[in-house]
Amino acid sequence: MLYYDILDEIAETNIPSEIHPELHVNPRMAWVETVAELIERGQIKGSYENLSFYARYWEPLLYKKYSLLN
């Protein structure tokens, strides 16, 4: 089950859309993709409260994701 509409709505209010100076990605798009993958894998729950929490802490989440890729 995909939550892209809800994720986009939450991301618009909490996450900037400019290219991140250190990660070199659009953080809003990267966050939506990352959280959608986590929901699909069952690693996080897709409740609005959980998604709002992850949106507030978007930067550490993305740092962790991209540091694991390096």
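The values are calculated or read from the model by the stated rules, or taken from the named source; none is laboratory data. Since the model is a prediction, treat every value here as computed from it, not as a measurement. Every residue, glycine among them, receives a Cβ derived from its backbone with ideal geometry; neighbour counts consider all protein chains shown. The protein model used for the area step is the full one, side chains on, heavy atoms only, and it has no ligands, DNA or RNA in it. Shrake-Rupley method; radii C 1.70, N 1.55, O 1.52, S 1.80 Å.
Here's a check for you: in the range 30-47, which residue that is assigned to a helix (DSSP H, G or I) and of a type outside the set (D, E, K, R) is surrounded by the most Cβ atoms within 10 Å (Cβ to Cβ)?
It comes out as V35.
Give me the residue from the range 1-29 that is aliphatic (A, V, I, L, M), in contact (Cβ under 8 Å) with a residue 24 or more places away in the chain and loosely packed, with under 12 Cβ neighbours inside 10 Å and, out of that set, nearest to S67 (Cα to Cα).
L2
If you go through the range 5-22, how many residues are under 14 Å from Y48 (Cβ atoms) and of a type in the set (A, V, I, L, M, F, W, C)?
Of the residues in that region, 4 qualify.
Only one of these conditions is not met by N50: (1) modelled with pLDDT of 95 or more; (2) assigned to a helix (DSSP H, G or I). Which number is it?
(1)
With respect to L62, determine if the residue is open to solvent by less than 80 Å² (accessible area, probe 1.4 Å) and modelled with pLDDT under 95.
no
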